[in-house]
Amino acid sequence: MIYFLTFILFLLILLINIIIKKKKLLPNYTGNIHQRFVGREVVPLSGGIFIFGVFLIIFYKDYTFFCIALSLIFLLGFFSDIKFLSSPKYRLLFQVLIVFLFVYFTNLQLYPTRVLFLDLALENIWISYFFSTFCILIAINGTNFIDGLNGLVLGYYLIISVIIFKLGLSIQSDVLHNQIIFLIIFLTFLFLLNLLNQFYIGDSGAYSLGFIFSFILISIYLFNKSISPFFIVLLLWYPCFENLFSIIRKYKFNKSPISPDGRHLHQLLFFFISKKIKNNNIYLNNLSSCLINFYNLIIFALGSIYISHTQYQIMLILFNVIFYTIVYLRLLNFRYSKTKWID
């Protein structure tokens with residue numbers, strides 16, 4: 001029965017997306033940089049609606065406050081997609097308010113972190129609340145930052161879902177215990193549609209996924225303190241580091257840290273591959289995103305070997321940071337040496 005209902009759900013998503021695309025609803029206005037990576041076709045920003053709707057169904061019975069916060073986060077991204085709320089400053093302000101209230105009412109505290117001075121500070125409940133808020137905000141906005149290639153965000157969180165299932169973490173924490181297989185199938189379905197350029201997830205989808213998976217991973221850790229918190233950090237390292245790295249980079253170039261630009265790693269990688277391989281943009285787009293996700297799959301597989309070993313997880317995180325920085329600088333140099341930069 002469950003498989004039949006899943007099949008019906010997927011057919012419904014396909015039908016709704018066809019209608020949205022045919023009627024040219026939710027056209028891609030906010031993804032202009034993204035758009036030129038795949039061609040001139042108008043692609044709807046409908047993926048966020050599907051992500052929000054399905055995850056709301058999964059969580060609504062057991063996580064009331066989470067569903068309320070998720071709804072607000074989704075609406076914030078949706079208003080951004082339709083250009084109703086185009087100011088990054090106001091979006092960030094609303095994000096802070098929504099996430100902090102969610103953390104406060106659910107008493108969501110990231111403790112212990114296994115970092116002595118940080119744990120001492122987190123004994124103060126208000127510092128703990130602000131720290132949890134900060135971590136979730138980094139994941140939300142980092143997810144939005146890496147959303148520039150088809151399949152990149154959905155593929156990334158699909159890999160995390162598989163890791164959660166493979167390690168049995170959903171059983172230990174009761175988070176998504178009954179829904180994890182459906183979640184993997186659902187994300188795989190959306191991932192394939194996204195690779196085929198049938199929709200973009202938009203800000204609504206990126207915000208929603210960042211919020212959803214930061215909550216899931218934090219919950220998993222809080223239910224099982226034997227897991228190193230740095231394993232959770234490892235699973236979210238890419239969007240989080242992309243966010244922090246972008247803030248530093250934009251500060252250096254005297255740009256607002258919350259303003260969009262075209263200098264993210266995935267954009268540089270796409271440019272590099274497009275100069276080395278002559279093919280259509282959709283193929284190169286998918287190749288670029290799959291290369292990044294393949295690297296992360298390897299890293300997550302290595303991290304899964306010793307999920308309780310903090311020093312091991314820290315070494316993997318540091319390796320990622322160093323490797324990212326080296327690759328980024330080489331790709332940036334290649335981009336500048338070939339043509340004038342256009343954000």
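Bear in mind that the values in this text are calculations on the coordinates, not laboratory data. Please read all numbers here as calculations on a predicted model, not as lab measurements. Quick reminder, even Gly has a Cβ in these numbers, built from the backbone with ideal geometry, and neighbours come from all protein chains shown.
Full extension of the chain between K83 and I18 gives 21.2 nm of extra length, using 0.36 nm per residue less the Cα-Cα distance. Going from the residue with the fewest nearby Cβ atoms within 10 Å to the one with the most, V103, V43, V153 rank V43, V103, V153. Dipole orientation for the stretch 23-338: of the candidates G151, S337, L265, S337 has the Cα lying most toward the positive pole (charges on Cβ; Lys, Arg +1; Asp, Glu -1). Among R335, R114, sorting on how many other beta-carbon atoms sit within 10 Å of each Cβ, with the fewest leading, yields R114, R335. Translational diffusion of the stretch 244-343, estimated by Stokes-Einstein from the Kirkwood radius over alpha carbon pairs at 10 °C in a medium of 1.306 mPa s, is 103 µm² per second. A dipole drawn for the chain from +1 and -1 charges on Cβ atoms has a positive end, and of F74, F182, Y3 the residue lying farthest that way is F74. Straight-line cross-link partners of K89 among the lysines, defined as a Cα under 28 Å from its Cα and at least 8 positions apart when in the same chain: K250, K252, K255.
Among all helices in the chain defined by DSSP H, which have a length of 20 Å or more along the axis from Cα atoms plus a Kyte-Doolittle mean of at least 0.5?
The qualifying helices are 2-22, 64-81, 88-106, 125-146, 152-166, 180-195, 202-223, 281-303, 310-338.
Using helices alone, I'd like the mean residue ellipticity at 222 nm for the chain: each DSSP H run of four-plus residues gives -39500 (n - 2.57), total over residue count, nearest 500.
Values: 16 runs with 249 residues, N = 343.
Theoretical 222 nm ellipticity from helices: -24000 deg cm²/dmol.
What is the diffusion coefficient of the chain in µm²/s, taking the Kirkwood radius over Cα pairs and the Stokes-Einstein relation at 20 °C with a viscosity of 1.002 mPa s? Don't skip to the end; give the middle numbers.
Numbers: Rh = 20.6 Å.
For the chosen part, D equals 104 µm²/s.
Protection proxy ranking, highest mean first, for peptides 154-162, 60-68: 154-162, 60-68, where packing is the per-residue count of other beta-carbon atoms within 10 Å, averaged. Residues L302, L183, ranked from the fewest to the most other C-beta atoms within 10 Å, line up as L302, L183. The packing ranking of peptides 141-152, 192-203, highest mean first, is 141-152, 192-203, where packing means the average number of other beta carbon atoms within 10 angstrom of each residue. Here's the picture: charge each Lys and Arg Cβ at +1 and each Asp and Glu Cβ at -1 in the chain, and of Y221, Y60, L284 the one pushed furthest to the positive end of that dipole is L284. Dipole magnitude for the chain: about 1380 debye, using +1 per Lys or Arg Cβ and -1 per Asp or Glu Cβ, origin at the Cα centre.
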